[in-house]
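As structure tokens, the structure follows; a few thoughts come after it.
The values are calculated or read from the model by the stated rules, or taken from the named source; none is laboratory data. Source: prediction; values computed, not measured. In this analysis, Cβ positions are derived from the backbone assuming ideal geometry, glycine residues included, and neighbour counts consider all displayed protein chains. Heavy atoms of the whole protein, side chains included, go into the accessibility calculation; ligands, DNA and RNA do not. Shrake-Rupley method; radii C 1.70, N 1.55, O 1.52, S 1.80 Å.
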Amino acid sequence: MRKPMVLYGLALVIAFTPLLVDAPRAFGQSITLRIAHTTAPTHPYTTMAEKLAEQVKAKSNGSMNMTIHPSSQLGGERDLMEGMQVGTVDMVSCSLGVAASFVPELTVMNLPFLFKNAQHYTEVTKGPIGQRLLKAVESKRLVGLGFYAPVFRVPQNNVRAIATPADFKGLRLRLMEVPLHMDTYKAMGASPMPLPFGELYTALQLKTVDGNENAPATLYSERFYEVQKYVSLLPVFSNGAILLMSQVTWNKLTPAQREIITSSVPAALAVGDRDYLAMDEKGLQVMKGAGLQINTPTDLTPFREAVKPIYAKYLEKMPDWVKDAFREIQK
Ligand code: EAX
């Protein structure tokens, strides 16, 4: 065969190699997506992912599979968010706290004492504000698939029950590495200490921190209660979660595959919500049974007063539509 034809053939092969290598993903043959989170295999993040995987597999006749990676197997929430942005992690359930460090507009969801109850959180996240926040995610090389986990983060510690802000004095509390969360607990009198989730149990056991704050479901699933004495049902922050996909992964999916993912999300998030609310209840029962003292601060006014400066500080940097969303949520 004449030399130019050979070269032409070679050029063609070189040009199409990437496509050929990626052909299965690009053209819809079987794919495996990795979904990751930081909590235990028994946690609602996992049952949500299992429901999603089950539906995706069924709707794709087995050509789309998902592997679930709990317990920080693929890294802490920061690592997972960065992993999605570069395409090494396909999907993540992430706390709104850490997600806001990557998508600033989500800061509004982290403001203290924002949601009245689970229903209020669900109405806001399933409504126009939630939809607009999911859209805002796209500017960060991420795809927002939905919000879930209508529960609240409450303080837990080894020293005393929290009934007034004065009870936080000198308490070294582990917080997520989220400036708004740290500032809020500082404003209430505590000594916040940022620590990756995966290192928390040991830090509580060794008493390098006096306590932490999270949803009762998570305080239970991670067995933090084994090394703590007090739980105070002070709903400082939403413990909402956001289900995200990497834009890199999304771009490799066919329209049909994307449709299978998005149509499978609502039922999966509903399982996450159901299991979170149920495990919150179960967690409190188990913690009570294990001898932890559980109290409910009756007057939230002094706590609300203490954190007032947080709203101005964190909203001033936000675009007007986020400030409007805050006012809307507060109604
Ligand atoms: O989202 O770090 C935390 O406290 C989070 O709640 C946990 O990673 C699950």
*With each pseudo-label sitting 7 Å past Cα toward Cβ, what's the Arg78-Asp324 distance in nm, one decimal?*
3.4
*Once the Cα atoms of helix 320-330 and of the chain are each reduced to a long axis, what angle between those two axes, in degrees from 0 to 90 to the nearest 10, is obtained?*
50
*In deg cm²/dmol, rounded to 500, what helix-only [θ] at 222 nm does the chain give when every DSSP H run of at least 4 residues adds -39500 (n - 2.57) and the total is split over its residues?*
-15500 deg cm²/dmol
*At a Förster radius of 25 Å, what calculated FRET efficiency corresponds to the Cβ-Cβ distance of Tyr201 and Lys282, to the nearest 0.05?*
0.85
_Kirkwood-Stokes translational diffusion coefficient of the chain, alpha-carbon pairs, 37 °C, 0.692 mPa s, µm²/s_ = 156
*Treating cross-link reach as a plain straight distance, find the lysines whose alpha-carbon is under 18 Å from the alpha-carbon of Lys116, omitting any fewer than eight places away in the same chain.*
Lys126, Lys308, Lys331
*asked:* In the chain, if the dipole is taken from +1 on Lys/Arg beta carbons and -1 on Asp/Glu beta carbons about the Cα centre, which of Thr301, Gln131, Leu234 is farthest to the positive end?
replied: Gln131
*Distance in nm between label sites at Gln131 and Lys331, each 7 Å beyond Cα in the beta-carbon direction?*
1.6
*In the chain, what percent of the accessible surface is made up of carbon and sulfur (1.4 Å probe, ligands and nucleic acids excluded)?*
59
*Taking amide H positions as placed in the peptide plane 1.01 Å from N, state which residues far from Leu175 in sequence (5 or more) or on other chains have amide H under 5 Å from it.*
Met193, Leu195
*How big is the charge dipole of the chain about its Cα centre, in debye rounded to the nearest 20, if each Lys and Arg gets +1 on its Cβ and each Asp and Glu gets -1 on its Cβ?*
440
*Using a simple spin-label model with points 7 Å from Cα along the Cα→Cβ vector, what separation in nm is obtained for Glu316 and Met5?*
7.5
_What is the distance in Å between the Cα centroid of region 119-160 and that of region 262-331?_
9
*Dipole magnitude of region 38-120 about its Cα centre, charges +1 at Lys/Arg Cβ and -1 at Asp/Glu Cβ only, in debye to the nearest 20?*
260
_So if each residue of separation counts as 0.36 nm, and I subtract the Cα-Cα distance between Ala270 and Glu305, what length gain in nm does that give?_
9.1 nm
*Descending Cα extents along the principal axes, region 61-108, whole Å*: 40, 22, 18
_For region 222-331, size of Cβ-based charge dipole, Lys and Arg +1, Asp and Glu -1, in debye_ = 160
*How many Å² of accessible area per residue for region 172-303, probe 1.4 Å?*
39
